[in-house]
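Some notes on the structure that comes next.
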């Protein structure tokens, strides 16, 4: 059996913790990646943790994370 790797966090995905991406799922992750100015690239057939996907594509989390990345370090 092949090891399934989450395309967001790059850790192993257990059977009950993840899902296989379809075209629709990939578009949501890739859109979030563009908004985050990140380099995550999802393709159909990739696997993701359900929790990673929910957090990564959540609009409020994207806003929070991009604000944190833009704020100057003090």
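The values are calculated or read from the model by the stated rules, or taken from the named source; none is laboratory data. As the structure is a prediction and not an experimental result, all values here were calculated from the model. Neighbour counts are summed over all protein chains in view; Cβ atoms, including those assigned to glycine, are modelled from backbone coordinates with ideal geometry.
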**Q.** Complete set of residues in region 47-65 that are free of Cβ contacts under 8 Å to residues at least 40 places away in the same chain, out of contact with any helix residue (DSSP H, G or I) (no Cβ under 7 Å at 6 or more places or on another chain) and within 26 Å of residue 2 (Cα to Cα)
**A.** 50, 51, 54
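Residues checked against (1) surrounded by 12 or more Cβ atoms within 10 Å (Cβ to Cβ); (2) in a loop (DSSP other than H, G, I, E, B); (3) touching a strand residue (DSSP E or B) at 6+ places or on another chain (Cβ under 9 Å); (4) modelled with pLDDT of 95 or more:
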site: 3; (1), (2), (3), (4): no, yes, yes, no
site: 8; (1), (2), (3), (4): yes, yes, yes, yes
site: 15; (1), (2), (3), (4): no, yes, no, no
site: 31; (1), (2), (3), (4): yes, no, no, yes
site: 52; (1), (2), (3), (4): yes, no, yes, yes
site: 61; (1), (2), (3), (4): yes, no, no, yes
site: 65; (1), (2), (3), (4): yes, no, no, no
site: 69; (1), (2), (3), (4): no, no, no, no
Q. For region 36-50, how many residues are surrounded by fewer than 14 Cβ atoms within 10 Å (Cβ to Cβ) and within 12 Å of the chain's Cα centre (by Cα)?
A. 4
Q: Return yes or no: is residue 48 in contact with a strand residue (DSSP E or B) (Cβ under 7 Å, 6 or more places away or on another chain), at pLDDT 95 or above and outside any helix (DSSP H, G or I)?
A: yes
